[in-house]
Every structure is written in C-alpha cells, then in structure tokens.
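The values are calculated or read from the model by the stated rules, or taken from the named source; none is laboratory data. These numbers were taken from a predicted model, which means no experiment stands behind them. Every residue, glycine among them, receives a Cβ derived from its backbone with ideal geometry; neighbour counts consider all protein chains shown.
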C-alpha cells in the first residue's frame, strides 16, 4: 500500500535556504530556476520521509541506506558531473557558467554503476588502482579517510563525525589508505 507523502511549503522553503547556504559556503551554486530547484528539494524531503535519508530524486533508491550512500544528496558524483557537464545529474547543483548563462544545461549520463556493492567505489574497480603507492604507504600510523562527497582527506583512527569541508556525515567517508 503506497500512501502519498506530503511535504509542506514551509518545509521546502526551510530546506532550500539550508541547502543554498551550505552550497554557497562551500563554493557551489544551486540552479537558479527556483521552481525547479524547490521541486527537487521537495522530492529530497519526500525521500527523507520515505527512506530516512535524502536520496537523489532522479535515481531509484533501494531503501537501504548502506546501499544508497553514494546517491544521498549531495551525491558522490556531483563534483565529477559539475566538472564534465556543468551540472549534477539532477541539475540541482550547477556550475558558475550555467548560472551565468555562458553554458547551457545538457543531458548528463548516469555515472552510478548499478552493480556497485555497498562499500565499493568506482576507483577501486579500475585495474591497477591498488598500485605501488598503496603498498609503499601501508606502514602509516593511522588510516587515511576520504570524504566521498568532496574528497577531503584526514589521517586518524576513524573518520570525523561530519566532514569539515562539505558537512557530509561519517558514513560518507571511505578508508583511502
């Protein structure tokens, strides 16, 4: 039985202000089509109520947070999409060129590997990615943790509770070295 999940306009406005502020503080831009952006944010809030996390509204979430960590907004693919296409997959985040009208939005191919397992990222699938650099650094005192959202690195026993750069939560970190 599928019941309709409702989101109040005030909730959307509050979330929009939070996301926009966070984006601007971290050097990102939201799509300036206000109606479009707020509809995406409304969908993020619906997914928050449905699954307990804000999964990308343009992708099919499994309903299992551990399997969907890569598509929790901002998703792991945002920065690569911004660099290559000027917008993230759902176009909530856009580059300054798109924002200023110097570049037009275009279709963005899906980067997510549908066969990706829970804690496996795209880099680890590349042949030779566990090269000599890793083996020569295996004697470090602490493991190195990488934020999968922004790439922040830190060497400590455990990842930080919240990324100091992009504010992603602890579960968005992966052991890098």
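Taking region 76-101 as the region of interest, how many residues are under 14 Å from residue 40 (Cβ atoms) and without any contact (Cβ under 8 Å) to a residue 40 or more places away in the chain?
In the first step, residues of region 76-101 are kept if they are under 14 Å from residue 40 (Cβ atoms); the result is 78, 87-94.
Okay, now just the ones that are also without any contact (Cβ under 8 Å) to a residue 40 or more places away in the chain, so 88-89.
Residues that pass the stated criteria total 2.
In region 50-74, what residues are out of contact with any strand residue (DSSP E or B) (no Cβ under 8 Å at 6 or more places or on another chain) and free of Cβ contacts under 8 Å to residues at least 40 places away in the same chain?
51, 52, 57, 58, 60, 62, 63, 64
Every residue, every condition in (1) under 22 Å from residue 59 (Cα atoms); (2) at pLDDT below 55; (3) surrounded by 11 or more Cβ atoms within 10 Å (Cβ to Cβ), yes or no:
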residue	(1), (2), (3)
91	yes, no, yes
102	no, no, no
111	yes, no, yes
128	no, yes, no
131	no, yes, no
142	no, no, yes
146	no, no, yes
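Within region 56-68, does at least one residue satisfy the condition of being over 22 Å from residue 7 (Cβ atoms), crowded, with 17+ Cβ neighbours inside 10 Å and not assigned by TED's automatic domain parsing to the domain that holds residue 152?
No, region 56-68 has no match at all.
Where in region 40-108 are there helices (runs of 4 or more DSSP H), lying fully within it, with 1 or more residues that are over 19 Å from residue 171 (Cα atoms)?
Where helices (runs of 4 or more DSSP H) fall fully within region 40-108 and carry at least 1 residues being over 19 Å from residue 171 (Cα atoms), they are 78-85, 96-99.
Residue 35 fails exactly one of the following numbered conditions: (1) over 20 Å from residue 169 (Cβ atoms); (2) within 16 Å of the chain's Cα centre (by Cα). What is the number of that condition?
Failed condition: (2).
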